[in-house]
């Protein structure tokens, strides 16, 4: 139980044949799809950065002592978005452990003191304030126009939505109200899910708060938990499942797109031409691809797919601690994704993750970027 | 090391900028090994040029400094070809990834070294065209595959991918730029004929005589109709006889047979016996046509060949492949067949082969001896045979997975492969994309005049022996 350490992943690492299938997105089709898939590989080009092959090399280098924590190794390790684009391409038995290996390498790097100082600040903030932004926990309720309590649904807002993208929880609350769904929020008592710590290898810090995160949820007595955050959803459903937190097994987590799919009954049609950006944490890493698309169709959006969609979606560039430690790289990547979207002649970019919204907006696209819940609200 | 690393590094930075040059230990480690049994060796510096002019400058500098230079595209071959025997500079050419021209009427394309099969497949498909896609990773380089005698599928009746070359541009080891074939005479990239075949100095030479910076290649129309014809046989003798009889019509785009062990996903590792009630060999033939009638005519020819074999008492008979397996024969490039999934999944990361061109009539003798070698060493005789240009070339190889965590298992696989190569040489086979362990065996038997000429060509083109030194073994 718990996080898999690098030594435990050794057998999986050696299942990587170094074949390089992970380097690019490709599907036979027809028509065939070929496209870059690794944001850091696109930026730095060296094979030491590109795809999961570079990370198996890294694991071998550290496990065998072939190299130490060289500057490039550390840079390659932490400029990775942990987006899973390479994992999606891989066909070997390394595949299920690729992301675990990257995070386990980061854990070792943190222990060795070789990690970005910006990540260290995130850990300090989470431990002190229970959110990665270092905000007073009271501010987690700033977006809420009333104290939401009651009902049999717990809305786990997440730190980024509550503190940086308040339009998302506001929209979610209005949607719930429009549908007559009573719900509860934890507000200032909601503890970070730990995703920023887990992804950046700060596992010791993560383990200090994860139990508390679950305790706060369990204490409400509500078992149905919904979130608008792709990162929280992936973390709560995947990472927590390898622990044994009391009451966790009774909880049912859903992303809001899963929860709302059979509940919404739009009173108007959006009539907007949009494209949908699959968040890595919701798509590849949690396999929630179709519900957001179904919702977009249901609310009357004309959905035009980007060439890289679903499992082949190109990361927005924010994840894996890159936005915090390497903002220029995060922006460079989001600009590429925005260009791909804009080339479709759409009127809006839609996604289902507050972090993606934020980073795609930072690229200053010519069209608005919405979280999907904002569009749902427009039609109810 | 007899050269000044600090000075060479600085000169590379002057040419490329510091962003594209690295001597970081982990960068060098990432370029030190590949899938194969070949012993890892670190380059001293890795550099990523983007232009032909930069490559010219680098090679002129490398000649002055007498520093080894190893060209690298995707690092996906399984012969250790890019592992630097004597250190030096690895020139990673992935930034040179332009498809310069696709000529639909003349059916050729002109590409740079970093163009992958996936990239070319997407671009050609838009024009209804295809190339000889190998069962390698989609990220592998088209150019590197072609100039190293890589093999393709769906175009097997036209020959190897090196036979698809129409023209080339090469930076010589001394930095001069040359164009060969029609591109060298008129600037049109359509043919290697009818001019002296100087391109041969750069094909199959393992990157030891220059850096090919542009390549013209034939491409073909995607046919409207396709079918996959599948049979089984109880033994290699019957399968070979069937393939030669059927191959003489030159009607199949791909005519291949695989042993029971190669048909398993993954290849059994370590070896396990084949169940008695299953055939030892399976074969697929991909046929195509631009009309139903053309396809039907080919089916008739195949049925005739099959019937003739059966009348001679052969065990060959129709055998239904699973749909997924049939699709995999035509849906190329493929991540699944190209990613080593069915070659090395669960084995421990290693994959190598005795990859040879062996006369088809000699396949039975070679396979039966390979089988003995492989089983003795606890390895599956996962062998594939393919005919090219009808019956002109017979490809024979054994995909050999092994566990890279265990030095003893690496050694065992390597010895099995070299032993198998010796058998292939005994019966007239020759290796392709050979690691130096293979060339050692080749040169023991090669005509001295041939070896001397290879040396002369190498010395003439590369007087300071800077290009991938040691890889061709003659220098």
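The values are calculated or read from the model by the stated rules, or taken from the named source; none is laboratory data. Being a predicted model, the structure only gives us computed values, none of them experimental. Here Cβ is always computed from backbone atoms with ideal geometry, including for glycine, and neighbour counts include all displayed protein chains.
Summary of values
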item: Residue among B:54, B:85 that alone is over 16 Å from residue B:435 (Cα atoms) and surrounded by fewer than 24 Cβ atoms within 10 Å (Cβ to Cβ); result: B:54
item: Count of residues meeting criterion [more than 14 Å from every other protein chain (Cβ to nearest Cβ), closer than 12 Å to residue B:228 by Cα and in a loop (DSSP other than H, G, I, E, B)] in the range B:313-336; result: 4
item: Any hit, the range B:141-158, residues being away from every other protein chain (no Cβ under 14 Å), farther than 19 Å from residue B:337 by Cα, assigned to a strand (DSSP E or B) and at pLDDT 95 or above; result: no
item: Among the candidates B:260, B:281, residue that is without any contact (Cβ under 8 Å) to a residue 24 or more places away in the chain, closer than 30 Å to residue B:402 by Cβ and touching a strand residue (DSSP E or B) at 6+ places or on another chain (Cβ under 9 Å); result: B:260
item: Selection from the range A:306-323 of residues that are surrounded by 20 or more Cβ atoms within 10 Å (Cβ to Cβ), part of a helix (DSSP H, G or I) and in contact (Cβ under 8 Å) with a residue 60 or more places away in the chain; result: A:312, A:322
item: Out of A:290, A:339, sole residue that is within 19 Å of residue A:37 (Cβ to Cβ) and surrounded by fewer than 24 Cβ atoms within 10 Å (Cβ to Cβ); result: A:339
item: Among the residues listed as A:49, A:18, the single one being touching a strand residue (DSSP E or B) at 6+ places or on another chain (Cβ under 8 Å), closer than 22 Å to residue B:349 by Cβ and either within 8 Å of another protein chain (Cβ to nearest Cβ) or in a loop (DSSP other than H, G, I, E, B) (or both); result: A:18
item: Search result, residues across the range A:21-46 that are more than 8 Å from every other protein chain (Cβ to nearest Cβ) and part of a loop (DSSP other than H, G, I, E, B); result: A:37, A:38
item: Residue check, residue A:231 modelled with pLDDT of 95 or more and buried (at least 24 other Cβ atoms within 10 Å of the Cβ); result: yes
item: Selection count where residues are in contact with a helix residue (DSSP H, G or I) (Cβ under 9 Å, 6 or more places away or on another chain), under 16 Å from residue A:313 (Cβ atoms) and not in a helix (DSSP H, G or I), scope the range A:332-350; result: 2
item: Residues of the range A:212-262 that turn out to be within 26 Å of residue A:292 (Cα to Cα), in contact (Cβ under 8 Å) with a residue 12 or more places away in the chain and either over 22 Å from the mean Cα position of the chain (by Cα) or not in a helix (DSSP H, G or I) (or both), as a count; result: 15
item: Wholly within the range B:1-109, helices (runs of 4 or more DSSP H) carrying at least 3 residues that are within 30 Å of residue B:188 (Cβ to Cβ) and away from chain A (no Cβ under 12 Å); result: B:52-65
item: Spans of strands (runs of 3 or more DSSP E) in the range B:218-312 with at least 2 residues under 30 Å from residue B:410 (Cβ atoms) and modelled with pLDDT of 95 or more; result: B:254-259, B:281-289
item: Filter result (within 12 Å of chain A (Cβ to nearest Cβ), assigned to a loop (DSSP other than H, G, I, E, B) and in contact (Cβ under 8 Å) with a residue 24 or more places away in the chain) within the range B:112-130; result: B:114, B:115, B:127, B:128
item: Given (1) under 20 Å from residue A:220 (Cβ atoms); (2) without any contact (Cβ under 8 Å) to a residue 12 or more places away in the chain, number of the condition residue A:157 does not satisfy; result: (2)
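Matching residues to (1) outside the structural domain of residue B:106 (by TED's automatic domain parsing); (2) crowded, with 22+ Cβ neighbours inside 10 Å; (3) more than 22 Å from the chain's Cα centre (by Cα); (4) closer than 21 Å to residue B:386 by Cβ:
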residue: B:133; (1), (2), (3), (4): no, yes, no, yes
residue: B:146; (1), (2), (3), (4): no, yes, no, yes
residue: B:155; (1), (2), (3), (4): no, yes, no, yes
residue: B:162; (1), (2), (3), (4): no, no, no, yes
residue: B:182; (1), (2), (3), (4): no, no, yes, no
